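The values are calculated or read from the model by the stated rules, or taken from the named source; none is laboratory data. Model, not experiment: these values are computed from the prediction. Because the Cβ atoms are built from the backbone with ideal geometry, glycine has one as well, and the counts that use them run over all protein chains shown. Surface areas here come from the heavy atoms of the whole protein model, side chains and all, with no ligands, DNA or RNA. Shrake-Rupley method; radii C 1.70, N 1.55, O 1.52, S 1.80 Å.
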Amino acid sequence: QVVIIGNGIAGVTAADTIRRHHLDCAIHLIGREKHPLYNRMAISRLIYGRSAMSGLYLQPDAWYEERQITSWLNTQVTQIDKTERQVILATGEALPFDRLILACGSSSFVPTLPGFGLPGTFVLREADEAMEIRTFSQANRCRRAVIAGGGLLGLEAGYALHNLGLHVTILERGPWLLRRQLDKCSGRLLQKHLEQLGMQVLLEAETEKLHGDGRLKKVSLKDGSSMRCDIFLMAAGIRPNSELAAASGLAVNRGIVVDAHMQTSAPGIYAVGDVCEYDGDVPGLWAVATEQARVAAVNA
């Protein structure tokens, strides 16, 4: 019996690969979200699009049944028992495993920021978060949005809010946008394009504090300036969801430490995708996650 924690692209790829190589074993795929596998890279369109989750799901419901993969949705794992080789669910149930694959993914990193948590402050990592932003914007007739972070996620979210009709300001603490992907000249060209669309970009700008009474009203920057704001989105990167592994005694650094077989410090337990760290690196990329999942599945 193989148990896979996480039903994102890494977890589903692992389940599919195992089934292709092993027709008889039981496969349990546990997902914390209430949705089956969907295109996480396209969730920003949930902010401005009218079709909600329609078109985002990557597999039909029959896909899991045809492959005899037991899918657990809206289910949380509270403990990994390495001695008894079972995972304990928050429902009180226990699932025994011969092999365990951790594909727990990552969460949005939120640095300490006074005022974050007020109604109107958001992160964007999951589909439900995107739909919450759309709902809040409509219910409160929001007009101005501030995005903290000029990386890919921040720019995609900013463009989505722009398409929803809000005035968008992007705060980038570095000297140009997309510093991991672009050189300075290209970053400035991108900035000019966004500004021509009607978005505002502030470079070398950082948030100092968020203000509001009952809901977000204003953002103060570290240079002493401030601006009105109805929606604030933190896009400061991701952090691996490695707490469960750490509590179970697995080796964890930035992520769950794995070898070239994607095996953790415990025999028979593997980690893949955003949650794992291989050779000191946590790439956080879709294509890397799928390849890691195939490697882990074959070795498992």
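Worth pointing out:
- Among the residues of segment 158-168, those that are under 14 Å from residue 229 (Cβ atoms) and open to solvent by less than 50 Å² (accessible area, probe 1.4 Å) comprise 158, 161, 166, 168.
- Scanning segment 259-290 for residues that are part of a strand (DSSP E or B), without any contact (Cβ under 8 Å) to a residue 24 or more places away in the chain and surrounded by 16 or more Cβ atoms within 10 Å (Cβ to Cβ) returns a single hit, 278.
- Residues (open to solvent by 10 Å² or more (accessible area, probe 1.4 Å) and of a type outside the set (D, E, K, R)) located in segment 140-157: 140, 148, 149, 151, 152, 153, 155
- Enumeration of residues in segment 83-108 that are open to solvent by 80 Å² or more (accessible area, probe 1.4 Å) and among the basic types (Lys, Arg): 99
- Residue match in segment 39-61 (condition: farther than 30 Å from residue 151 by Cα, among the small types (Gly, Ala, Ser) and open to solvent by 30 Å² or more (accessible area, probe 1.4 Å)): no
- Candidates 30, 43 - the one that is closer than 21 Å to residue 126 by Cα and touching a Phe, Trp or Tyr at 6+ places or on another chain (Cβ under 6 Å): 30
- Among the strands (runs of 3 or more DSSP E) confined to segment 98-161, the ones with at least 3 residues that are within 23 Å of residue 30 (Cα to Cα) are located at 99-102, 106-108.
- Restricting segment 177-206 to residues that are under 24 Å from the mean Cα position of the chain (by Cα) and more than 21 Å from residue 228 (Cβ to Cβ) leaves a set whose member that is least open to solvent (accessible area, probe 1.4 Å) is 177.
- Scanning segment 207-253 for residues that are open to solvent by 60 Å² or more (accessible area, probe 1.4 Å), of a type in the set (D, E, K, R), under 21 Å from residue 125 (Cα atoms) and in contact with a strand residue (DSSP E or B) (Cβ under 7 Å, 6 or more places away or on another chain) yields a single hit, 239.
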